[in-house]
1. With 27 Å as the limit, write out which pairs from Lys95/Lys172; Lys208/Lys312; Lys55/Lys172; Lys58/Lys95; Lys95/Lys134 have Cα-Cα distances beyond it, or answer none.
2. Among Met144, Met340, Met181, determine the one that fluctuates most according to a GNM of the chain built with springs between C-alpha atoms less than 10 Å apart.
3. For a quick check: sort Thr90, Thr56, Thr146, Thr265 by the number of other beta carbons within 10 angstrom, fewest at the front.
4. Can you tell me the convex hull volume per residue for the chain, based on C-alpha atoms, in Å³ to the nearest whole number?
5. Run the reach check for Lys322 against aspartates and glutamates, Cα to Cα strictly under 18 Å, same-chain hits fewer than 8 apart removed. What comes back?
6. 5 Å is the cut-off here: which amide hydrogens, built 1.01 Å from N in the peptide plane, fall below it relative to Ser297, excluding neighbours closer than 5 in sequence?
7. Evaluate 2.2 N^0.38 Å with N set to the residue count of the stretch 9-181, then give the Cα radius of gyration divided by it.
8. Please get the size of the charge dipole for the chain, origin at its Cα centre, with Cβ charges of +1 on Lys and Arg and -1 on Asp and Glu, quoted in debye to the nearest 20.
Amino acid sequence: MENQIQLDPHGESLLQQYRDLLPTLEQIEKDAYNLLHAALREQGIYVTAIEHRVKTEKSLAGKLELKGAKYKSIDDVTDLVGLRIITFYTDEVDKVAAIAKRVFDIDWQESVDKRRHQLDAFGYNSLHYICRMKEGGPRFELQMRTALQHVWSTIEHDTGYKGDFKIPREYKRQFSRLAGMLELVDDEFSRLRLLLTGYRRRIHALVKNGQLDDVPLSADSFRSFLNLHPFDRLNGRIAAVNQAEIYPVSLMPYLRVLEAFGMETLGDVQHFIDENSDNAHQLALSQLAITDLDILSSSAALQYLCLAYVLKHGGGRDGLKKFYDAINGEDEANARLADMTLEQAGTLPFMKSKKGNL
């Protein structure tokens, strides 16, 4: 049977003040969450969670039983409304804090930065602000911490490490070691993100400046390359066959095909375009001239470039089918497409010259 909470008259008075204030607290919880959520979204900051709650009467009563004498009125209890923002990276805690300073009034005397504690306090390395809505009202608590700090804090609570009983020194040492490791991991993730951000910027700058031979082929660099519209000229030539309109589609599925061709840099892709554009146009002409297609996808140029490349490098029927499987998904219909492409390409100049060199 649970122990009954015993409050003195002062504690009972504080609890009644809480009951009277409860509708206001619930409104503050809602408004504070909405303000933070909107401000984070506006700044493009994505967090793992925004937790929010109003302290329950039972929780408050337990607190007042232990510490009621320290509060003159219910306004002195600063965590009746609590919010916690959990970020992915340590540097984002400061970004969230800057947003909080903009949207709320901060009680600096009551606020505390717990991020510079001793090693074994990692789990409680949160930044705690005591806030008030700009228009006034009761204060509330805002905690800001990383996901790893939050996990560690939960572990500490679950294991009873922060409980009232004395922890043997060897166990405390283990906690200290693990705390230090997590703090290091937290910092290293943030550092790595900064390094990767810098690397992406350098890659984008190289692409923009046309230094393609220095840019490794990857999903990120290929996207940057596509921003240069490298296939537009060939698409225009192909569309002119039937005066077709071009509708945009993603070209990212072709990345794995280009990698399978052995291309390692964006320079390789550009050379691939330069060396195969005329042959790709010949192949498109052989297929489209006998049709009345008046709408083409923006992948047409890259598709015909790949087909021409396969044919010129001796891929034959198997190579063509493998390409169609990669783009369309494995299907028996791709074998018929391969046969048709091989037949239509047989009379093209680049195929004749290839046969003559065999």
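Only the coordinates and a few stated rules stand behind these numbers; no lab work does. Quick caveat, the model's predicted, so the values are computed rather than measured. Note: ideal-geometry Cβ built from the backbone for every residue, glycine included; neighbour counts use all protein chains shown.
1. Lys95/Lys172; Lys208/Lys312; Lys55/Lys172; Lys58/Lys95
2. Met340
3. On the way: Thr90 21, Thr56 10, Thr146 27, Thr265 16.
Exposure proxy ranking, most exposed first: Thr56, Thr265, Thr90, Thr146.
4. Working: hull volume 90.0 nm³, N = 358.
Per-residue hull volume (Cα only) is 252 Å³.
5. Candidates past the 8-residue exclusion: Glu259, Glu330, Asp331, Glu332, Asp339, Glu343.
6. Tyr247
7. Numbers: Rg = 17.3 Å, N = 173, 2.2 N^0.38 = 15.6 Å.
Cα-based Rg divided by the globular estimate yields 1.11.
8. 720 debye
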